Amino acid sequence: MIIASMCGLNVEEIEVKQNSDLDKQLIKKSLGSYPMLEDGDTIINDTHAIAAHICRSAGKDAMLGSNDFA
């Protein structure tokens, strides 16, 4: 949520109750791992990959650094 806010994007955050119907549906989609980002047909469930996807989607590639150390 912080990265999305810094990039100027609105992201819908959904709290999922354990063992609810929605939880069961999302477990199938996300390989049973949370957190998860669903963007169209793309599903990402790694926090670093989610942050990178949000930055790239917002055109804020510079936030990712120019190399592994920056």
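Only the coordinates and a few stated rules stand behind these numbers; no lab work does. This is a predicted model, so every value here is computed, not measured. Cβ sites come from the backbone with ideal geometry, for glycine too, and all protein chains shown count toward neighbours.
Remarks
- Peptide packing for 50-62, 26-38 was compared via the average number of neighbouring C-beta atoms within 10 Å per residue; ordered from the highest value, the list is 50-62, 26-38.
- Two numbers describe the Cα atoms of segment 30-70: Rg and Dmax, which are 11.5, 33 Å.
- Bins of 10 Å from zero: percent of alpha-carbon pairs in the chain: 18, 47, 26, 8, 1
- Average Cα contact separation per residue, the chain, under 8 Å, 6 or more apart, as relative contact order %: 28 percent
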